[in-house]
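The structure appears right after this line, and notes come after that.
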C-alpha cells in the first residue's frame, strides 16, 4: 500500500512539472527554442493612387486612404496626378492644396506625392508657398 501512495504522489507532482518544463523549452528564443528571433514582417508594397480633376474625391477617398495607411504590408502610398491641370488658376491651386491634398497627406506619413502637376504657365508662381509645398511633398510642377 505504501508503494501505491508513493507512485500517486510522484505522478501528482510530475504532471505540473512536465507542463512547466514544456512551456520553458518552447518559449526560449521566441520560436520554439532554436535561439532565432522572429522579426515582424516589414512593409514592402508601394501603391500608386492616380487621380484627375474629374474623379478627385472618389479616388482620394479618406476612408480608403486610412485603410491603406493602416495596412502593415504597405510601405508607401503615392498620390499621382494624371492629367493637365492647366485649368486651375492660382486661387484654385491653393484651394486644392488646403482642401484636398493636405488633409489626405495628414492621414499618415506613408502618404506622399509623386508625378507632375501641369499647371497653366505662371499660375503656380503666383502662389509661391503652395508651389513650394507641392515640391516638398513629392510632386513636380511644370507649366505650359
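The values are calculated or read from the model by the stated rules, or taken from the named source; none is laboratory data. Source: prediction; values computed, not measured. Here the Cβ is made from the backbone with ideal geometry for all residues, glycine too, and neighbour counts use every protein chain on show.
Look through region 38-78, keep the residues that are modelled with pLDDT under 90 and assigned to a helix (DSSP H, G or I), and return whichever of them is farthest from residue 131 (Cα to Cα).
The selected residue is 58.
Kindly indicate whether any position in region 124-131 is surrounded by 14 or more Cβ atoms within 10 Å (Cβ to Cβ) and under 19 Å from the mean Cα position of the chain (by Cα).
No - not one qualifying residue is present in region 124-131.
This table checks each residue for (1) farther than 20 Å from residue 54 by Cβ; (2) in contact with a helix residue (DSSP H, G or I) (Cβ under 7 Å, 6 or more places away or on another chain); (3) assigned to a helix (DSSP H, G or I).
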site	(1), (2), (3)
80	no, no, no
92	no, no, yes
95	no, no, yes
101	no, no, yes
104	no, yes, yes
108	yes, yes, no
112	yes, no, no
118	no, no, no
